[in-house]
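The block underneath contains the structure these notes are about, expressed in structure tokens.
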Amino acid sequence: MSIQGQIELPAFFGDYMVLQQNEEVSIWGKDIPGTTIEIRSSWGTTAKTTTNSKGFWSTTIKTAKASFQPQSLSITGSNTKELNDILLGEVWFCSGQSNMEMPLKGLRKSKVLNASNYLEIANNKNIRLFNNARTASVSPSFDVNGKWQESNKESAFSFSAIGYIFGTKLYQNLNVPIGIIESSWGGTRIESWIPKEKLLKYKNIKFFDNLPKEQNKQKKPSFLYNAMVYPFQNFNIKGVLWYQGESNRSEPEPYYNYMNDLITSWRSQWKNKNLPFYFVQIAPYDYTKHRTSPGIKANMIREAQLKIAQDIKNAEIVVTTDAGDCEDIHPSKKEIIAKRLSNIALSEQYGFKDIIYRSPEFKNISIANDQVTLKFKFHKNDFFIQNNNISGFAIVSSDRVFYPAEARLSKDKKSIILYSDNVKKPVAVRYGFEDCFENTLNTNSGLPISVFRTDNW
């Protein structure tokens, strides 16, 4: 309930915020039950509603075309809230675990490659950043812990490197105000980010009724969704960027279903069944060496992530087999990831149709004369580039013992032909199913292919 009859707004309705352009955007809050709420905008639209019996109110107001002209909102109930220096533009929501949370300044010993280049251009009042602090809750929350800030060297320094560089690339190409909301927490499993009602069908998940006092123990199923996603409700966004999966590698089998649940529940929350959901495949890292975890389990997470992108409409994946670090779980090449995410958005949402943004994908396998031919599906006019040192392919016969394969390109550079002196009558192929695989198979677009396998052993 509002305090002493004063209107309450979630923190993301504040000065310096960015509202999604040309939409009926949602605005909500609290006040005394039965109070009339009036909203007036400096761009000329208005809205009116009344608080319910519990004091909650919600309405929509039409925004105008994107503009660098600062705007304002006046929200009047039992008192008046004035929100100033608002921009109308494009808003994106970033979430996940540490590789999304990792700021431009780096994370402990891990650094962000080329961070200084982005800090040099960070003073830009037309890019706005909302950094939501780590918070957990047993039940869905009303508010979040953060505030909008203009982009400058200080705010960008501590903001998600991927989110910030993504926003910069959008700004450079669209020339409209950009708002980036970052709500992530390192070391979290995907179950933490899914609403409880979606998880009840899983018998292996244990739910908790109390919030642990120690913050690091608060990463329970649904707790982060309640505190770091639900409060944004249907605050209008253009799309979602997601980077998570490392913490689920110990149990990769249900990850496909979890991710499907996460995407569908978030789309339901934002009342948009086709909300763009662009995510990052977990990057190469030597889990066997550094985490005593079999490399195949991380590859099963990558496999599930690729399948989600193939199965769900308006969900796209960034393949990272060339952007990892076998010795660092927080690789430095965040710029590559952010550029690829921005290329997806620019092509899919903003009409830049000449961009090749989707990595080639395995299509089918044929076997003849002890040779294997792999055909791939290419995005637009992409193709493989000749390379005499292609590694990562392994073939196997019915004995299920894999051997490294010699690989060469077909004449049309659309297929790969494999052979091994150790394998007669091959039956299956794996690519990149190693402890830490780094891509050597190049394409004209520069996009690597994902790890994959043709067996299901």
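Here are the numbers for the structure shown:
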item: Residue selected from the stretch 341-368 under the condition hydroxyl-bearing (Ser, Thr, Tyr) and open to solvent by 40 Å² or more (accessible area, probe 1.4 Å), by the criterion farthest from ALA66 (Cα to Cα); result: SER366
item: Output for the stretch 160-203, where each listed residue is touching a residue at least 40 places away in the same chain (Cβ under 8 Å) and assigned to a loop (DSSP other than H, G, I, E, B); result: VAL176, PRO177, TRP185, GLY186, GLY187, THR188, ARG189, ILE194, PRO195, TYR202
item: Test: residue in the stretch 440-451 that is in contact with a helix residue (DSSP H, G or I) (Cβ under 7 Å, 6 or more places away or on another chain) and either surrounded by 14 or more Cβ atoms within 10 Å (Cβ to Cβ) or over 30 Å from SER342 (Cβ atoms) (or both); result: yes
item: Long-range neighbours under 7 Å by Cβ, at least six apart or interchain, first residue crowded, with 21+ Cβ neighbours inside 10 Å within the stretch 126-152, second in a loop (DSSP other than H, G, I, E, B) and acidic (Asp, Glu); result: TRP148/ASP15
item: Pair list, Cβ < 8 Å and 6+ apart or interchain, from the stretch 431-457 residues that are in contact (Cβ under 8 Å) with a residue 40 or more places away in the chain and basic (Lys, Arg) to residues that are assigned to a loop (DSSP other than H, G, I, E, B) and open to solvent by 20 Å² or more (accessible area, probe 1.4 Å); result: ARG453/PHE433
item: Odd one out for VAL396, checked against (1) open to solvent by less than 70 Å² (accessible area, probe 1.4 Å); (2) in contact with a Leu (Cβ under 8 Å, 6 or more places away or on another chain); (3) not small (Gly, Ala, Ser); result: (2)
item: Cross-chain or 6+ apart pairs with Cβ under 7 Å, the stretch 398-409 first and part of a loop (DSSP other than H, G, I, E, B), then of a type outside the set (Val, Ile, Thr); result: ARG400/TRP457; ALA405/PHE393; ALA405/ALA394; ALA405/LEU418; ALA405/TYR419; ALA405/SER420
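Listed here are the residues, each with its yes/no results for (1) closer than 21 Å to ILE263 by Cα; (2) open to solvent by less than 10 Å² (accessible area, probe 1.4 Å).
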position	(1), (2)
ALA156	no, yes
GLY163	yes, yes
THR168	no, yes
ASN173	no, no
VAL176	no, no
GLU182	yes, yes
ILE190	yes, yes
TRP193	yes, yes
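Residue by residue, here is whether (1) of a type in the set (A, V, I, L, M, F, W, C); (2) touching a Leu at 6+ places or on another chain (Cβ under 8 Å) holds:
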site: TYR164; (1), (2): no, yes
site: GLY187; (1), (2): no, no
site: VAL240; (1), (2): yes, yes
site: TYR243; (1), (2): no, no
site: GLU253; (1), (2): no, no
site: ASN260; (1), (2): no, no
site: THR264; (1), (2): no, no
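The values are calculated or read from the model by the stated rules, or taken from the named source; none is laboratory data. Just so we're clear, the structure is a prediction, and the values are computed from it rather than from any experiment. Neighbour counts run over all protein chains shown; Cβ positions are idealised from the backbone, glycine included. Each accessible area value is taken on the protein alone, full model and side chains, heavy atoms only, with ligands, DNA and RNA left out. Shrake-Rupley method; radii C 1.70, N 1.55, O 1.52, S 1.80 Å.
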